[in-house]
Amino acid sequence: MNPQRPCHTAQDDHVNRVIRYHVQTKHHFNRYARSLGYLDWANQPDPFRRFEGAQLIPLPLLKPDEEPLSPAYAAIYERGAVPSQPVNLRTLSRFFELALALSAWKKAGESEWALRSNPSSGNLHPTEGYVVLPRIEGLDLVSGLSHYAPREHGLERRADLQADAVARLMAAFPSNAFLLGLTSVHWREAWKYGERAFRYCNHDVGHAIGTARVAAATLGWNMVLLDGMDQDTVATLLGTDRTEDFGEAELEHPDCLAVIWPSENVEDGASFVKCEHSTVPLFLDVAMVKEVASGTWYGKANRLSREHGVHWDIIDEAAKASWKAQAEKPAISLQAKTFPPSDMFHASRTTSDAGPTAGQIIHQRRSAVAYDGKTSISAETFFHMLQRVMPWAERSQLERSMPWDVWPYDPAIHLLIFVHRVDGLTPGLYFLVRDSRKLSLIQQAMNPELDWTIAPGCPDGLLLYWLLEGDSKRLAVQVSCHQDIAGDSAFSFGMVAEFEGALRERGAWWYPRFFWEAGLLGQIMYLEAEAAGMRATGIGCFFDDPVHEIVGIQSLAMQSLYHFTIGAPVEDRRLQMLPAYEHLVRNKG
């Protein structure tokens, strides 16, 4: 026995298990990750969770020209440009409308299906939203936990929580703060995608973090993830560990909590909030959570499918291995400097310029199903889009640009970009490094013969490197499970993560967070595409290792986790679009 050899730890075992899950669920040219192989339509999961016996509190259906009005889309990225709104029933309604609500219905023949503000793999929507509300002046709701019901645009009262206990729980946060919780029903994705579904569920958590952060920004509210807690605490507060409330219904996996609060701005340009504290903790007190959760609970979850043809044990194993068992007690400063805009594309504009509102962009967001294969975008627009996904990692969290101020970590995702039709850029392979401190690590993981040249015309501070020249359309299609959308667009890209090193350093609980960051990034690209008159779509089906081979990645140091593509869409004229809440208006009439 070698005494110098480090002991194998439980953390090592959990990391090995999530790596094993990741490797086993890769797609290859000669085989795909396992799934049922066909769609069991008789057992398609119900996309709408309800809790029978829980009181439904309808939220007001607001028209676009009703208060609170949506600001200009460009304004939500500028610190202090959007006036802070109070937390009341109308602003809470607008928040959920832009974060998790229905955005439209599509109809083809006799079939109808809903679209939502938050994107989802296969439109299957595994993500559920919850809100913990303390007593807030002007908000006529009892303190408690509610589940958001998107079809009804209402809050289902899951638990009456002692107001004094909730007040103590929230005392460390700014005035009028409340909590948002997200959970996942893994079965909704597994029904179609089989063992790869755990990846897609976590993409969708990231999408929902993004839509919630953007929705908060339209109201002048701040939002940060409370990711210092262990997952048992999240489960306790959201009630996902209450097996008696689920019975034979599909369980929900507790993903994350975030705190949201209204902000104000003072004349010196610093961000200021009404709070006795100079910091915001990124965790909740465990004892207080248990006290709060001892209130009265209501409702039984509905069953989403009559039968499950296959139960994918590997998803349960990945969820268990990546369960965050350890808690930390990090905090962030509330004082944030204001930086000049890094985005030169909009530097000459003011937020009062005519342009689409944030609400318009969010409501019109769709996933493209086909592109015209000929329309290009300007290099200026392309660079602007990439600047939107730069977190400027050297800044403190609340000094980072929206939405990256929600994310309490340095970036671990970078972009391998297939440029097809960008005016002013030579077609080929490019790479966006989202944290300058990671450049050497990334280069060491790739083919040493690649030419790392800053892209011509690239704005200062944007680390976009030109790796290879040439027509990459066919290659992009090939590695994206032969989907034409990857080559018919203006550009497509793979989100490449700093993988094994981060897992070994942080633990297996970090595995879902790779996908959360990827989903958050994808959500901003969805909105940016709409703002540019284009359309985006996520690509979950790609051949993992063939993507890596393009740039010579031969180890698990870097792994591609999510693909994306943006271009000029071809609309399916056979589909009819219907208003999101026409069914509620019709029923009222």
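The values are calculated or read from the model by the stated rules, or taken from the named source; none is laboratory data. Just so we're clear, the structure is a prediction, and the values are computed from it rather than from any experiment. With ideal geometry, Cβ positions are generated from the backbone for all residues, glycine too; neighbour counts draw on all protein chains shown. When the accessible area is computed, the model is the full protein with side chains, heavy atoms only, and any ligands, DNA or RNA have been set aside. Shrake-Rupley method; radii C 1.70, N 1.55, O 1.52, S 1.80 Å.
Could you order the peptides 136-142, 230-236, 209-215 from most to least packed, using the average number of other C-beta atoms within 10 Å per residue? Write down the numbers at each step before the final one.
On the way: 136-142: 14.0, 230-236: 20.4, 209-215: 27.1.
Those peptides, ordered most packed to least, come out 209-215, 230-236, 136-142.
Could you provide, to the nearest whole Å², the per residue accessible area of the chain with probe 1.4 Å? Walk me through the numbers before you get to the answer.
On the way: 23870 Å² over 589 residues.
That works out to 41 Å² per residue.
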Relative contact order (%) - the chain, alpha-carbon pairs under 8 angstrom, separation at least six:
19 percent
Taking the alpha-carbon centre of each part, the distance from the stretch 202-255 to the stretch 468-490 in Å is 35 Å
Cβ-based charge dipole, the stretch 367-567, positive-most Cα from 552, 402, 454:
402
Could you grab the relative contact order for the stretch 367-567? Cα pairs under 8 Å, six or more apart, rounded to a whole percent.
27 percent
Using alpha carbon centroids, what distance separates the stretch 175-195 and the stretch 77-133, in Å?
14 Å
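Shape verdict for the stretch 445-556, please, from the Cα gyration tensor: rounded (a/c under 1.5), prolate (a/b greater than b/c) or oblate. Mind showing how you got there, number by number?
Numbers: a/c = 1.33, a/b = 1.16, b/c = 1.14.
Rounded, since a/c falls under 1.5.
Counting other Cβ atoms within 10 Å of each Cβ, which chymotrypsin sites (Phe, Trp or Tyr not before Pro) in the stretch 1-93 have at most 13 and sit in a DSSP loop?
Details: sites: 21, 29, 32, 38, 41, 48, 51, 73, 77; in loops: 29, 32, 38, 48.
Listed in order of number, the matching sites are 29, 38.
Would the stretch 367-567 count as rounded, prolate or oblate if I go by the C-alpha gyration tensor, calling it rounded below 1.5 in a/c and otherwise prolate when a/b exceeds b/c, oblate otherwise? Can you show the working numbers first?
On the way: a/c = 1.38, a/b = 1.22, b/c = 1.13.
Judged from the Cα gyration tensor, the stretch 367-567 comes out rounded (a/c under 1.5).
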From the list (1) 13; (2) 26; (3) 17, can you say which value of percent of Cα pairs over 44 Å apart was derived from the structure given?
(1)
Hey, any idea what % of the chain's accessible area is carbon plus sulfur with a 1.4 Å probe?
50 percent
Hey, how many Å between the Cα centroid of the stretch 19-53 and the Cα centroid of the stretch 371-394?
32 Å
Net dipole in debye of the chain [+1 Lys, Arg Cβ; -1 Asp, Glu Cβ; about Cα centre; nearest 20]:
660 debye
What does a probe at residue 164 reach in the stretch 134-158, counting residues whose amide N is under 16 Å from the point 7 Å along Cα→Cβ?
135, 143
Putting +1 on Lys and Arg Cβ atoms and -1 on Asp and Glu Cβ atoms, find which of 154, 38, 187 reaches farthest to the positive end of the dipole of the chain.
38
